[in-house]
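Below you'll find the structure, written out as structure tokens, and then a few comments.
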Amino acid sequence: MSNFLSILTDEKIKDSNKDFRNALFSLDKNSIDKNNFVHLTRIYSVTKQLDLRNKILRLLYNFDFPQLKDFFDNAYKKERYLDMKIYALRGLSQFVSEKEIEKLLQKFNLTLQKRQESTPYNYQEYELLRGQNALPYLVEKYNYNCFKETLNQVNDQYNTMPEAFKGHFTIDENGEFVSLRNPGESSTMIKDFFNKQ
């Protein structure tokens, strides 16, 4: 086991520890195997840090170790942010049927619809859901109608937003943030929109 992973096996270390955080965020999926993934699921289950949970979901969602079925199922139920629910669903989709996924997405789509009403300019969440590692990946891999319907709903809700909230960033196939505008330009566009209201 490599040194950088050994810090992640220490159950007594705090998740705010700088070395621990650096080890987790520098961890590559190629370093994960059937013997050490349990350390990541343990960290996920005990941490309240959203960024750590997000990173762990993205590290694990391509693995199909049988023990991960319950992990992804629980993560899907636990997460409140829709992008993190989709990351959990990406992992869970390897273990459950289209019918089961469809049932989960019916409730997801209702929540998504409510988001449009409660936070009409929620462009960050839409961009995460439209990211190449999220719904587009699931549509391409599984070709399920339920994934297509959810992605269509996300795109429809995204498209109804004013232009000031579109095209600031995207997410690549590795789940990494890719800026499409410089921060100053994005900030000016959004401020100008609200100043005209």
Legend entry - Top-ranked residue in the stretch 1-27 [being at pLDDT below 90 and in a loop (DSSP other than H, G, I, E, B); ranked as most open to solvent (accessible area, probe 1.4 Å)]: 1
Legend entry - Checklist (1) hydrophobic (A, V, I, L, M, F, W, C); (2) under 25 Å from residue 94 (Cα atoms); (3) touching a residue at least 24 places away in the same chain (Cβ under 8 Å); (4) touching a Pro at 6+ places or on another chain (Cβ under 9 Å) applied to residue 193, failing item: (2)
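The values are calculated or read from the model by the stated rules, or taken from the named source; none is laboratory data. All values reported here derive from a predicted model rather than from experimental measurement. Cβ coordinates were reconstructed from backbone atoms using ideal geometry, including for glycine residues, and neighbour counts include every protein chain displayed. For the accessible areas, the whole protein counts, side chains as well, though only heavy atoms, and no ligand, DNA or RNA atoms are used. Shrake-Rupley method; radii C 1.70, N 1.55, O 1.52, S 1.80 Å.
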